[in-house]
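K.L.:
Structure incoming, see below.
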Amino acid sequence: MSEVPEDLLATSDDRVDATQRKILDAARTEFEAFGLRRVSMEDVAKRAGVHRVTVYRRFDSKNTLFNAVITQRLQEYLVELDARLDATEGGLAEEFAEAFVFAMHFARTDPLITRLLASEPETILPVVTMDSEALMGIAVTILAERLRNHPDAAGWPAAEPEIVAELAIRIGLSHAFNPHSVASLATEEELRDYGRRYLTRLLP
């Protein structure tokens, strides 16, 4: 079983306190319901049951708060993916295909991601593309660690896991945020077959 390092899943350098968690939860609920543009810091404070000043002490702007919410959700997804792959049978190639299926399912069904992609794609795309260095680093580290420790990866060159992980993640992001494809990827089985046929070619 692959255990995700706790320090990679923290939303800040310090442990998130109860008030901050309450603010993040409230902000996510607001963003899921109304998007980014229509939500104010006052709305978040009211839903969280705290004073507006309390929100500003932890997040100096709405964009900072929004980025924290997106980062938290994507980190949660990585934990969920890790557990999903732990339960997948059939070796590394099958895990690769399953990871693609799970990523597409997340992009298509998560309330926050789908809400923003449908109404305000310009708010989320920079977070997971141009400004995604931190998130990409976390995702690559987690996936590369799984690859490195997998029995099927014995004998790989030292740098191979990071390169394969980065390529797989970049392909997944491309499909998630630009779903138009020459391949039919409407169903879970089509996604899994695509992963088996093509993504597994990244594996040495």
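The values are calculated or read from the model by the stated rules, or taken from the named source; none is laboratory data. Note that the structure is a prediction, hence the values are computed from the model and not measured. When we count neighbours, we look across all protein chains shown, and the Cβ atoms used for this are built from the backbone with ideal geometry, even at glycine.
K.L.:
Just checking, does the stretch 70-87 include any residue being at pLDDT below 95, among the charged types (D, E, K, R) and not assigned by TED's automatic domain parsing to the domain that holds residue 133?
P.N.:
From the stretch 70-87, those at pLDDT below 95 are 70-87; that's our starting set.
Subsequent filtering for residues that are among the charged types (D, E, K, R) retains 73, 76, 80, 82, 84, 86.
Remaining after also requiring not assigned by TED's automatic domain parsing to the domain that holds residue 133: none.
No, the stretch 70-87 contains no residue that is at pLDDT below 95, among the charged types (D, E, K, R) and not assigned by TED's automatic domain parsing to the domain that holds residue 133.
K.L.:
To continue, here is another question. So which residues in the stretch 48-57 are assigned to a helix (DSSP H, G or I) and surrounded by fewer than 18 Cβ atoms within 10 Å (Cβ to Cβ)?
P.N.:
Residues satisfying the conditions are 52, 53, 54, 56, 57.
K.L.:
Which ones in the stretch 107-122 are surrounded by fewer than 19 Cβ atoms within 10 Å (Cβ to Cβ) and either in contact with a Leu (Cβ under 9 Å, 6 or more places away or on another chain) or not aliphatic (A, V, I, L, M) (or both)?
P.N.:
Listed by number, the residues that qualify are 108, 109, 110, 111, 114, 115, 117, 119, 120, 121, 122.
K.L.:
Restricting to the stretch 147-194, name every residue that is more than 17 Å from the chain's Cα centre (by Cα) and of a type in the set (Lys, Arg).
P.N.:
148, 192, listed by residue number.
K.L.:
Any idea how many residues of the stretch 164-192 are more than 22 Å from residue 88 (Cβ to Cβ) and either of a type outside the set (Gly, Ala, Ser) or part of a helix (DSSP H, G or I) (or both)?
P.N.:
6
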